[in-house]
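Report on one structure; see the data block that follows.
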Amino acid sequence: MLLVQLLDATAARMTLRDGAAKVWRHTQVRSELAELFDFLGKHINHVPIALSELADVPLVVHGRYRRLEMLAAAGDEDQVSVRPWREGVLHNAKLRADFFVFTLDKTSGQFSPTTRYRDYAINRELIHWESQSTTTANSKTGLRYRQHASMENHILLFARLTTDDRAFVFLGPATYVSHVRELPMAITWRLIHPLPGDLFQKFAAAVA
């Protein structure tokens, strides 16, 4: 996850060992990283919660991640580079998990009418989320969302306030509650770990 952030532009076909060796050769970079880690460690806003449902995935609930970090965390290849991901949904069949990333405040002009989905926190435990506009309730994807628990497929939610935020807050795993409509499906998810009060206030204000 660290290497893909530092070396992504030059990481094509670079192994993790080669990437680590490249960073290690730069003493100043190592020194600055140590200072950065120390600073960040003293400014943690939320107590991290381990992702026990996927113990091999190094993500913590209420941590902040960019897409590159999510992809690196979910991968198992010995490569620094990760696959492209620009959509709001990603299904990882090997992990048996769906990653959903969404922006709460869509008033900036970067969203077209077909992608201006209504995503928001109903309360500290419930999240309203809309699928892609092509998803029907009885499609393979729609059934996976609705029946994820019996299929042992994990739903992982990531949210940010605006497109200016480079990282998404990992809201953690969620379970299906209900849905209405389709094309897109409007789904209510229940978070395993309730939102901290400050996050809920920010999220609520973003779509008020």
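Does segment 39-56 hold any residues that are over 12 Å from Gly172 (Cα atoms) and surrounded by 14 or more Cβ atoms within 10 Å (Cβ to Cβ), and which are they?
If the condition is that a residue be over 12 Å from Gly172 (Cα atoms) and surrounded by 14 or more Cβ atoms within 10 Å (Cβ to Cβ), then His46 is the only one that fits.
Looking only at segment 125-146, count every residue that is aliphatic (A, V, I, L, M), farther than 22 Å from Ile49 by Cα and surrounded by 14 or more Cβ atoms within 10 Å (Cβ to Cβ) and tell me the total.
1
Would you pick out the residues in segment 120-155 that are of a type in the set (A, V, I, L, M), assigned to a loop (DSSP other than H, G, I, E, B) and farther than 26 Å from Lys202 by Cα?
Correct list: Ala137, Ala149, Met151.
Going through segment 1-14 one residue at a time, which ones are in contact (Cβ under 8 Å) with a residue 40 or more places away in the chain and of a type in the set (Val, Ile, Thr)?
Val4
Check Asp119 against each of (1) of a type in the set (D, E, K, R); (2) surrounded by 20 or more Cβ atoms within 10 Å (Cβ to Cβ); (3) out of contact with any strand residue (DSSP E or B) (no Cβ under 8 Å at 6 or more places or on another chain) and name the one condition it does not meet.
So Asp119 meets the others, but not (3).
Would you confirm, using the coordinates I've provided, whether Thr175 is farther than 18 Å from Ser52 by Cα and either at pLDDT 95 or above or part of a loop (DSSP other than H, G, I, E, B) (or both)?
So Thr175 fails the test.
From the list Lys42, Lys22, exactly one residue is in contact with a Leu (Cβ under 8 Å, 6 or more places away or on another chain) and basic (Lys, Arg). Which is it?
From the options Lys42, Lys22, the qualifying one is Lys22.
So Ala149 ticks every box in (1) loosely packed, with under 15 Cβ neighbours inside 10 Å; (2) touching a residue at least 60 places away in the same chain (Cβ under 8 Å); (3) not hydroxyl-bearing (Ser, Thr, Tyr) but one. Which box is left unticked?
Condition not satisfied by Ala149: (2).
Please determine whether any residue of segment 91-112 is in a helix (DSSP H, G or I), in contact with a Phe, Trp or Tyr (Cβ under 9 Å, 6 or more places away or on another chain) and modelled with pLDDT of 90 or more.
no
Could you give every pair whose Cβ atoms fall below 7 Å, whose first residue belongs to segment 51-75 and is under 20 Å from Gly41 (Cα atoms), and whose second residue is among the small types (Gly, Ala, Ser) and not in a helix (DSSP H, G or I), counting only separations of at least 6 or pairs across chains?
Sorted first by the residue in segment 51-75, then by its partner, the pairs are Val60/Ala50; Val61/Gly172; Arg64/Ala167; Tyr65/Ala167; Arg66/Ala167.
As an exercise: evaluate Ala73 against (1) out of contact with any strand residue (DSSP E or B) (no Cβ under 8 Å at 6 or more places or on another chain); (2) under 30 Å from Ala20 (Cα atoms); (3) small (Gly, Ala, Ser) and give the number of the one condition it does not meet.
So the condition that Ala73 fails would be (1).
Quick check, is Asp164 outside any strand (DSSP E or B), more than 20 Å from Glu87 (Cα to Cα) and of a type in the set (D, E, K, R)?
no
Restricting to segment 152-172, name every residue that is touching a helix residue (DSSP H, G or I) at 6+ places or on another chain (Cβ under 7 Å) and surrounded by fewer than 20 Cβ atoms within 10 Å (Cβ to Cβ).
Correct list: Asn153, Leu161.
Which one is surrounded by the most Cβ atoms within 10 Å (Cβ to Cβ), of the residues in segment 178-208 that are among the β-branched types (Val, Ile, Thr) and either more than 17 Å from the chain's Cα centre (by Cα) or not in a loop (DSSP other than H, G, I, E, B) (or both)?
It comes out as Ile187.
I'm checking my understanding of the structure. Among residues of segment 15-45 that are in contact (Cβ under 8 Å) with a residue 12 or more places away in the chain and not in a helix (DSSP H, G or I), which one is farthest from Gly63 (Cα to Cα)?
Applying the filter and picking the extreme gives Thr15.
The values are calculated or read from the model by the stated rules, or taken from the named source; none is laboratory data. The structure presented is a predicted model; accordingly, all values stated were derived computationally and were not measured. Note that each Cβ is placed from the backbone with ideal geometry, even for glycine, and that neighbours are counted across all protein chains shown.
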